[in-house]
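Report on the following structure.
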Amino acid sequence: MSDAAGPAEIRDVPERWPVAASAELASGSLVRVRTDTVRMPGGQTADREIVEHPGAVAVLGLDESGRVLMIRQYRHPVGRLLWEIPAGLRDKPGEPLLAAAERELLEETGYRAAGWRVLGDFFTSPGFSTERIRIFLATGLTRVPAAEREYVRQHEEAHLLLAWVPLEQAVAGILAGDLHNGVAALGILSASAARQDRFEMLRATDAPEC
């Protein structure tokens, strides 16, 4: 019997194998790290280190000319200035994902959007992290005057640079190895694919995370 899945079966599904033991390794203001002893279907066990993460949202802003709204931000863990799309943590209990995306877009870029769709849902590093991210497509963007913005950028965000980048150029930058932010790459490549049918396949903003 073949263990290969047919085309109709290519869909992620929930699954949870038994955990024989669990121990906390570290806990910080953002993440918690634990070790789970997971029991495999054959009966053997294996330790797996897991980073518990609150999750995030991201926004692929696209204007009428097909340009992507990108930001450049310093990322200390990798020692790089990375071109990214606006994104932020799900760190406000009870905040709807769309509201979080609207907030992050305004705080990081000073823009609001009239149109919103779901571009994709992703686990960023499922081998060791619980982090999941929803990327929204935002259209109909308008600049909010500085006097009307309450949020004051601090730390790395105080040094953000903004740029409007043609979608084709952003795709080329990923393929050339010039752009390295994973969430940006997912958003840009997803937008490039979705544009082929004028974004008709994209889900509504209230679509459940599967």
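The values are calculated or read from the model by the stated rules, or taken from the named source; none is laboratory data. Since we're looking at a predicted model, the values are computed, not measured. Positions of Cβ are backbone-derived with ideal geometry, glycine not excepted, and every protein chain shown enters the neighbour counts. Protein only, heavy atoms only, side chains kept; ligands, DNA and RNA dropped before computing areas. Shrake-Rupley method; radii C 1.70, N 1.55, O 1.52, S 1.80 Å.
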Inset, instruction - Work out which trypsin sites (Lys or Arg not before Pro) in the chain are exposed loop sites (DSSP not H, G, I, E or B, at most 15 other Cβ within 10 Å) and give the longest gap free of them. - result: 17-148
Inset, instruction - Specify whether the C-alpha gyration tensor of the stretch 96-201 places it in the rounded, prolate or oblate class, a ≥ b ≥ c being the square roots of the eigenvalues: rounded for a/c under 1.5, otherwise prolate if a/b is larger than b/c and oblate if not. - result: rounded
Inset, instruction - Would you check the accessible area of Met40, probe 1.4 Å, heavy atoms only, in square angstrom rounded to 10? - result: 40 Å²
Legend entry - Contour excess over end-to-end distance, with Cα ends at Asp12 and Glu52 and 0.36 nm allotted per residue: 12.4 nm
Legend entry - Distant alpha-carbon pairs in the stretch 26-83 (separation over 17 angstrom), percent: 68 percent
Legend entry - Cβ crowding within 10 Å averaged over residues, with 174-182, 158-166 ranked highest first: 174-182, 158-166
Legend entry - Label-point gap, in nm, between Arg103 and Arg32 - each point 7 angstrom along Cα→Cβ: 2.1 nm
Legend entry - Residue-averaged 222 nm ellipticity for the chain, from DSSP H runs of 4+ at -39500 (n - 2.57), nearest 500: -5000 deg cm²/dmol
Legend entry - Label-point separation in nm, Glu150 to Thr45, each point 7 Å along Cα→Cβ: 5.0 nm
Legend entry - Alpha carbon convex hull of the chain, volume per residue in cubic angstrom: 171 Å³
Legend entry - GluC sites (Glu not before Pro), loop per DSSP, at most 12 other Cβ atoms within 10 Å - longest free stretch of the chain: 65-149
